[in-house]
Structures are given as C-alpha cells and as structure tokens.
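Taking it in order: structure first as structure tokens, then the write-up.
The values are calculated or read from the model by the stated rules, or taken from the named source; none is laboratory data. Because the structure is a prediction, the values reported are computed rather than measured. Here the Cβ positions follow ideal geometry from the backbone for every residue, glycine too, while neighbour counts run over all protein chains shown. Heavy atoms of the whole protein, side chains included, go into the accessibility calculation; ligands, DNA and RNA do not. Shrake-Rupley method; radii C 1.70, N 1.55, O 1.52, S 1.80 Å.
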Amino acid sequence: MNESTDSKLSAWFAGLSQNEQRLLAIGGLVVTMALLWVLVYLPVVNHINSQVTIKNRLQEQLTKMQSMTGAVVSENMTAVLPMPAGVTFSSWVDQQLRVVNLQEMVNRTEPIDENSLSIWLQGVQFDQVIDWLQSISKQYAVQVDQIDINVVDSALGLTNIRMRLVK
C-alpha cells in the first residue's frame, strides 16, 4: 500500500467508534482463525488421518503375509524322499527320465560330480520337462542349477534344452 491509501485507511479506522473498532478487530481475528483452520489445520489433520489409515492397512497386510508365509513354508516342507542307496545320481536321473517318457529325447548326459549332472534334450515338449523338473524338485529336492532353452517349434512347444541338475 502507498502512503495515501494507508493514511486514508488510518483516518477511516480512527473515525469509527470504539465499539466499531473493537468489533472490527474481533471480526478480523475470527476471520484469520477461520482461514487458518480451513487452509492449514484441516488439510494437515486430513493428511495425517489418511497416512494413519494407509499405515494400518499395510500393517494388516504384513501380518497376513507373515501368517501365510508360515503356512506356505509348512506346506512346502513335505518330506523329501532320499535317493536310493547304491544308485549313482546319473543313473537315478536316467530312471526318472524313463518314467516320464523323456529318455528317448536325451541327446547326451554328462556327470559333473557325484551330485550334479548335465543333460541335453532335443525336440522335447517344454511343459513336459517343466512338470518333470517340478516333480523331482518337490519329491527329491533336485534343483536346476543352469538351463539353456532353444525353441525349435513354438506352435508345438518343442525345445532343445541343456541343463545342469544338482541334488
């Protein structure tokens, strides 16, 4: 504001009666408090409440997930069957391949040590191999350490697979 406007405003305020000046001061204070309430306090409180709600929801999800983890772990901890005594890992894998009719797809096997074996499969259905791997993983805890997959015929799901199994 410039000086003339400021002096006009001061002159106007001085021209009011004492009751009008008090009423104007109290009204200004009430308006200021209302503006602070609406523009500052309410948005902060609403934000805090929404954050508390989000935190509570996330805490409930965490509790559910932790309880489900225990159930999933106990569900997946079925007894692992031992490998038959007196049978090498490579001959056991050959037997397992024969059971699921994958033996004829084996191009080559190469024992790495007594606990791991590389297998090359040609023209094999991808889903059949994955089902077999899942089965021996759950039953005998045999895992795939490395795998290379080349698609031969995507329409039929045929692949060439080189993988290393580890017991």
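Observations on the model:
- Other residues with beta-carbon under 14 Å from the beta-carbon of I119 carry, at +1 per Lys or Arg and -1 per Asp or Glu, a net charge of 0.
- Available extension along the chain between N19 and N160 is 41.1 nm, counting 0.36 nm per residue and deducting the alpha carbon span.
- Charge tally for L81 (other residues, Cβ to Cβ under 14 Å; Lys, Arg +1; Asp, Glu -1): +2.
- 1.4 Å probe accessible area per residue over the chain, in Å²: 73 Å²
- Neighbour net charge for I147 - beta-carbon separation under 12 angstrom, K R +1, D E -1: 0
- Two-site label geometry, L81 and T32: point separation in nm, points 7 Å out along Cα→Cβ: 8.4 nm
- Residues of segment 138-162 with an amide N closer than 13 Å to a point placed 7 Å from the Cα of R108 along the Cα-to-Cβ direction: 161-162.
- For the chain, size of Cβ-based charge dipole, Lys and Arg +1, Asp and Glu -1, in debye: 540 debye
- Given R0 = 22 Å, the distance between the Cβ atoms of Q128 and T69 translates into a calculated FRET efficiency of 0.10.
- Most tightly packed first, judged by the mean number of other beta-carbon atoms within 10 Å of their residues, the peptides 107-115, 90-98, 51-59 read 90-98, 107-115, 51-59.
- Carbon/sulfur fraction of accessible area - segment 54-167, other protein chains in place, 1.4 Å, %: 52 percent
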